[in-house]
Amino acid sequence: ANGEKFDPEGITAAHRTLPFGTKLRVYRDDGKGNPKGVLVRINDRGPFVRGRVIDLSLGAARELGMKDTRPVHIYRCTQ
């Protein structure tokens, strides 16, 4: 959506309204009190599924140890 070629192994994400290039820190709790985090960059629009706020690339999901849809915490980076 922003013109760059999609790389499924990249560490990127899609969001409906945030500007392209916005950096977000995305955390997933592993259930044992050990949050895993990854820094992603918004480069696409979506998700278009009701109830979802962000779509992670395969590479970003792998970094978080995710194999399917999971709740995450999202924080916008100021730099």
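Under the condition of being in contact with a Pro (Cβ under 8 Å, 6 or more places away or on another chain) and either among the hydroxyl-bearing types (S, T, Y) or closer than 18 Å to D68 by Cα (or both), the residues counted in the stretch 1-55 number 7. The residues in the stretch 52-70 that are of a type outside the set (S, T, N, Q), touching a residue at least 24 places away in the same chain (Cβ under 8 Å) and either open to solvent by less than 40 Å² (accessible area, probe 1.4 Å) or closer than 19 Å to L18 by Cβ (or both) can be counted, and the count is 8. Number of residues in the stretch 4-20 that are open to solvent by 60 Å² or more (accessible area, probe 1.4 Å) and under 19 Å from F48 (Cα atoms) equals 5.
Is it the case that V49 is assigned to a strand (DSSP E or B), open to solvent by less than 80 Å² (accessible area, probe 1.4 Å) and not aromatic (F, W, Y)? Taking the combined requirement at face value, the residue does not satisfy it. Among residues of the stretch 2-28 that are touching a residue at least 40 places away in the same chain (Cβ under 8 Å), those with a beta-carbon under 7 Å from a residue that is open to solvent by 60 Å² or more (accessible area, probe 1.4 Å) and of a type in the set (F, W, Y) at least six positions away or on a different chain give the pairs N2/F20; L24/Y75; R25/Y75.
Per the conditions (1) in contact with a Cys (Cβ under 8 Å, 6 or more places away or on another chain); (2) at pLDDT below 95; (3) of a type in the set (A, V, I, L, M), the sole criterion not satisfied by M66 is (1). Of all residues in the stretch 26-40, those satisfying the criterion of being open to solvent by 80 Å² or more (accessible area, probe 1.4 Å) and in a strand (DSSP E or B) are D29, P35, K36.
The values are calculated or read from the model by the stated rules, or taken from the named source; none is laboratory data. Because the structure is predicted, anything quoted here is derived from the model rather than measured. For neighbour counting, all protein chains shown are included, and Cβ atoms are generated from backbone atoms with ideal geometry for every residue, glycine included. These accessible areas exclude ligands, DNA and RNA; they are computed on the full protein's heavy atoms, side chains included. Shrake-Rupley method; radii C 1.70, N 1.55, O 1.52, S 1.80 Å.
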